[in-house]
Amino acid sequence: MNIAELKEDLISYSKTIGIDKIGFTTASTFDGLRNRLVKQQELNYQSGFEEPDIEKRVNPSLLLDRPQSIISIALAYPTKMSKRVTSKKGERRGIFCRASWGEDYHYVLKDRLNKLEAYLQEKVPDVQLKSMVDTGELSDRAVAERAGIGWSGKNCSIITPEFGSYVYLGETITNIPFETDEPMEDRCGSCNKCIDACPTGALVQGGQLDAKRCIAFLTQTKGFLAEEFRVELGNRIYGCDTCQTVCPENKGKDFHFHKEMEPEPEVVKPLLKPILHLSNREFKDKFGSLSGSWRGKKPIQRNAIIALAHFKDETAIEDLTILLTSDPRPVIRGTAAWSLGKIGGDGAKTALQHAIDMEQDEEVRVEITKGLQLIEE
Ligand code: SF4
Ligand code: SF4
């Protein structure tokens, strides 16, 4: 087997199956990442969604027997919708981040990686392979950085010169000793735009992310959001794009290479009020194909309630009052109480005064009291 030729063939093949960039790196341990993860753990910056065993995240030989190289792939995703829908008074809309537009990218990337695997299996029948996307043990970003896909920006994204940071990443560990590619030079330089723009101060100098302050993570949690984060959420109902949209490397980047990734505006920028009353079935029908639905409807509904407060949407008072008085979930009742307080007015005040007499849950009572105080202020 001529490995150099196989690499060239694989690169050519990857272009025919909708892989926008491909790179190769060694299967040695990711020592720089290990140090970063240990530091992150010490500082309590993890989200809790990541693989808890740091060694598995940095050592490919714990994932495949005698690995020799890792293939990293990138697919560019769109950043603009072809059809516009507008958020207007009485018909306010929330927004899913761009990485959640279209079909769940885990499936799209898995499809491309399966094709790469099949191609290699045909050429090298005894090849050993292990592929992963996002939820696997390895860090997609660390692999992509070392494979020369892009550099790791201060916004903690991989930035490619061709597509900016609007790329999905995945990888395959192999036992074929492919020649490796060179990592790219860091081009952030003295720019700090992403750090300055982050609404919650989640980006720490030196490329660290305090995930517990990051809105992208917070929108996926299920409990009460701390008030300091509620006021920064804006109309984001899933994820946050701010540190990418401000990045000069992303200026003008908008690629529509993959039909699966095309956003449906009514789904990714949905009206907020109808979200409040969705049944599980309706939620699944409308949002189930998005990666942003993976935590179920509760976080999306909670975020929609917060977004209505952000807009001070008085037309939502009736809907929020229904939630406050009859939703079985304390997080939803309590957040609705806070939102009513933010929106204010006589209707909101009456609803809160009525609810305080009926409410049994201590946390919700605190939120109702807070709501009444907000109105008084
Ligand atoms: Fe900050 Fe949003 Fe970027 Fe998170 S995703 S680091 S909250 S700008
Ligand atoms: Fe780097 Fe500036 Fe982009 Fe941040 S905004 S990732 S510092 S180029």
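The values are calculated or read from the model by the stated rules, or taken from the named source; none is laboratory data. A quick note: this is a predicted structure, and the numbers were derived from the prediction, not measured. So basically every Cβ, Gly included, is an ideal-geometry build from the backbone, and we count neighbours across all protein chains shown.
The table below gives the values:
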| read-out | value |
| --- | --- |
| Set 364, 268: member being touching a Gly at 6+ places or on another chain (Cβ under 7 Å), β-branched (Val, Ile, Thr), assigned by TED's automatic domain parsing to the domain that holds residue 238 and crowded, with 21+ Cβ neighbours inside 10 Å | 364 |
| Those residues of segment 80-104 which are assigned to a loop (DSSP other than H, G, I, E, B), of a type in the set (Ser, Thr, Tyr) and crowded, with 21+ Cβ neighbours inside 10 Å, in sequence order | none |
| Options 63, 6; residue that is closer than 29 Å to residue 217 by Cα and of a type in the set (A, V, I, L, M, F, W, C) | 63 |
| Filter result for the condition that a residue is near ligand 1 (Cβ under 10 Å from one of its atoms) and more than 27 Å from residue 81 (Cα to Cα), over 229, 224, 178 | 229 |
| Of residues in segment 105-139 being free of Cβ contacts under 8 Å to residues at least 60 places away in the same chain, in a helix (DSSP H, G or I) and among the charged types (D, E, K, R), the one nearest to residue 240 (Cα to Cα) | 111 |
| Test for residue 219: is it in the same structural domain as residue 297 (by TED's automatic domain parsing), surrounded by 23 or more Cβ atoms within 10 Å (Cβ to Cβ) and over 13 Å from residue 74 (Cα atoms) | yes |
| Subset of segment 19-65 [within 20 Å of residue 113 (Cα to Cα), part of a loop (DSSP other than H, G, I, E, B) and more than 22 Å from the chain's Cα centre (by Cα)] | 27, 63, 64, 65 |
| Failed condition for residue 278, given (1) part of a helix (DSSP H, G or I); (2) within 23 Å of residue 88 (Cα to Cα); (3) under 23 Å from the mean Cα position of the chain (by Cα) | (1) |
| Enumeration of residues in segment 201-214 that are of a type outside the set (D, E, K, R) and more than 16 Å from ligand 2 (Cβ to nearest atom) | 211 |
| Pair list, Cβ < 9 Å and 6+ apart or interchain, from segment 162-190 residues that are at positive phi and among the small types (Gly, Ala, Ser) to residues that are within 16 Å of ligand 1 (Cβ to nearest atom) and part of a loop (DSSP other than H, G, I, E, B) | 164/79; 164/157; 164/247 |
| Qualifying residue in segment 150-167 (condition: more than 16 Å from ligand 2 (Cβ to nearest atom) and in a loop (DSSP other than H, G, I, E, B)) | no |
| Given (1) more than 12 Å from ligand 2 (Cβ to nearest atom); (2) under 15 Å from residue 147 (Cα atoms); (3) surrounded by fewer than 19 Cβ atoms within 10 Å (Cβ to Cβ), index of the condition residue 178 fails | (3) |
| Test for residue 279: is it more than 16 Å from ligand 2 (Cβ to nearest atom), crowded, with 18+ Cβ neighbours inside 10 Å and among the polar types (S, T, N, Q) | no |
| Count - residues of segment 232-285 that are within 13 Å of ligand 1 (Cβ to nearest atom), among the β-branched types (Val, Ile, Thr) and out of contact with any Cys (no Cβ under 9 Å at 6 or more places or on another chain) | 1 |
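Residue-wise test of (1) in contact (Cβ under 8 Å) with a residue 12 or more places away in the chain; (2) hydrophobic (A, V, I, L, M, F, W, C); (3) within 16 Å of ligand 2 (Cβ to nearest atom); (4) not in a loop (DSSP other than H, G, I, E, B).
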site: 216; (1), (2), (3), (4): yes, yes, yes, yes
site: 223; (1), (2), (3), (4): yes, no, no, no
site: 240; (1), (2), (3), (4): yes, yes, yes, no
site: 252; (1), (2), (3), (4): no, no, yes, no
site: 257; (1), (2), (3), (4): yes, yes, no, no
site: 263; (1), (2), (3), (4): yes, no, no, no
